[in-house]
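Heads up, the thing below is written out as structure tokens.
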Amino acid sequence: MLNYITMITQKDIKYLSRIKHQKEDIVSIYVPRDPSKNQEWNFLANVQNLLKLLEKKLSLQNPQKAQKLLEKIKFVATKPLPSASKGLAVFSSLDGRFWREFPLPIAPQSFLVIKDAPFLKPLLEILDEYERFAVALVDRVNARFFLIYLGKITEEKSFSDDLIKRHDQGGMSQKRYQRHIDDHADHHLRRTAQALYKFVWRKGCGRILLGGTNENIASFKKILHPDLRQKIVGSFPIGSLHVTRGEILKKVLSREGKVEQSKEKEIVKEWQELLGKNKALNSLEAILLALQEKSVQTLLIRDGYKETGWQCINCGNLIAASGKPEKCLYCGGRMIFEEDIIEKALKKALEQGSFIEFLPTSFLHRNFQNIGAILRF
């Protein structure tokens, strides 16, 4: 029985990026399964094409193993997807020993690739569109934290602090009692701020949304760590923290598109400013060299950008050149042709812990063409 992985993580992506075989025996398939849209291709027909291609490749090696793998792929590609999923990505070795499958939150473009490593570019583009959101609901006594990722919401933490009780006999004066209440509320908000800091970094959240009364949100923002304040993308007023997950998810998803557009503009603006300070790059050749030297902090790529080039079999250095170089300019090793060095560059960036930002084809900027990079130093 095959089980779907319900949530893709950066750990999964890094694991896939390290898969490298000596021969082309890794199958990558992306399948759109959104019935609300017109498909570019007939799903079942293309599954059959995949099976025929694999059968041809495997039949001379081990017919029994070939048939087993073909049946496994056919079963997975045609079984029902989890609710809200609009596509599927499958990665497998031809011998069936390596296998990973992921339901996708949006319908991908259709791809069927057999190479020496998993084809990850479409998956990276999807993950870039679905950044992790932390939602913090706060009042003077309670707090609730939620993680929203790939269109799903989970409540990860909930806690409360009891108010100081006022006794009827020998009770505090009104002013003293109110001061105790205010001090207690301040302690609660500071405790919540510390917990949110740990939550955001442990979960890898790139954006934060706050919920509560305007007064409580304003007080909470003042005591948040500066790193967290930079991640806040908005807030919404609520009179009570007893709201449903569905209501919270709806509020976040309504903001997600605008947040992504804002993030794209911010990062390109930063890139342009650093370009004039020699802390950013705008040429493919210079960026490939910077990746070889592990000095790229953020890689910016326009959706669909692809270039042919060459890769050194010794050190992995990438070169964008129409004619074959005599040798690697970095180590002197032999160069082999690559149909898509942008995909290779993405894998290098992943392995080095660089951030990757995909920009839509419709994104317009007078200095940005197809690729850019912000340097670490």
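The values are calculated or read from the model by the stated rules, or taken from the named source; none is laboratory data. Source: prediction; values computed, not measured. Every residue, glycine among them, receives a Cβ derived from its backbone with ideal geometry; neighbour counts consider all protein chains shown. Quick note on the areas: whole protein, heavy atoms, side chains included, nothing else; ligands and nucleic acids left out. Shrake-Rupley method; radii C 1.70, N 1.55, O 1.52, S 1.80 Å.
Among the chymotrypsin sites (Phe, Trp or Tyr not before Pro) in region 305-373, which ones are in a DSSP loop with at most 10 other Cβ atoms within 10 Å of the Cβ? Mind listing them?
Values: sites: Y305, W310, Y330, F337, F355, F358, F363, F368; in loops: Y305, Y330, F363, F368.
Passing both the DSSP loop test and the Cβ count: no residue.
How far apart, in nm, are the 7 Å Cα→Cβ label points at E24 and S160?
6.2 nm
With a probe of 1.4 Å, find how much accessible area region 278-374 has per residue, and write the answer as a whole number in Å². Please report the intermediate quantities before stating the final value.
Working: 4730 Å² over 97 residues.
Per residue, region 278-374 has 49 Å² of solvent-accessible surface.
Give the calculated FRET efficiency between K263 and K294 to the nearest 0.05, with a Förster radius of 35 Å applied to their Cβ-Cβ distance.
Working: r = 25 Å, r/R0 = 0.70.
Here the calculated transfer efficiency is 0.90.
Take the Cβ-Cβ distance between I336 and Q369 as r, set R0 to 35 Å, and report the resulting FRET efficiency rounded to the nearest 0.05. Provide the component values of the computation, followed by the final result.
Details: r = 27 Å, r/R0 = 0.76.
After rounding, the FRET efficiency stands at 0.85.
Straight-line reach from K23: which aspartates and glutamates fall under 20 Å, measuring Cα to Cα and dropping same-chain residues less than 8 apart?
E55, D95, D116, E338, E339, D340, E343
At 0.36 nm per residue, and after removing the present C-alpha to C-alpha distance, how many nm does the segment from K52 to W201 gain when stretched out fully? List each step's numbers first, then the result.
Numbers: separation 149, 0.36 × 149 = 53.64 nm, distance 4.59 nm.
Full-extension gain reported as 49.1 nm.
I'd like the distance between the alpha-carbon centres of region 289-327 and region 76-136, rounded to an integer number of Å.
Distance between centres, Cα-based: 25 Å.
Explain nothing, just compute: Karplus ³J(HN,Hα) = 6.51 cos²θ - 1.76 cosθ + 1.60, θ = phi - 60°, for every residue of region 339-351 in order, whole Hz, x for Gly and Pro.
Result, ordered by residue: 5, 9, 6, 5, 4, 5, 5, 4, 5, 4, 4, 4, 4 Hz.
At a probe radius of 1.4 Å, what is the per-residue accessible area of L281, in Å² to the nearest 10?
40 Å²
Given +1 on the Cβ of Lys and Arg, -1 on the Cβ of Asp and Glu, and no further charges, what dipole in debye does region 241-377 carry about its Cα centre, rounded to the nearest 20?
Its charge dipole is roughly 320 debye.
Straight-line reach from K265: which lysines have a Cα under 20 Å away, not including same-chain ones fewer than 8 places off?
Reachable lysines: K231, K277, K279.
Take the alpha-carbon centre of region 187-236, take the same for region 256-281, and report the distance between them in whole Å.
Computed from Cα coordinates, the inter-centre distance equals 24 Å.
With point charges of +1 on the Cβ of Lys and Arg and -1 on the Cβ of Asp and Glu, referenced to the Cα centre of region 221-371, which listed residue (C315, P325, F355) lies farthest in the positive direction of the dipole?
The one lying farthest along the dipole's positive direction is F355.
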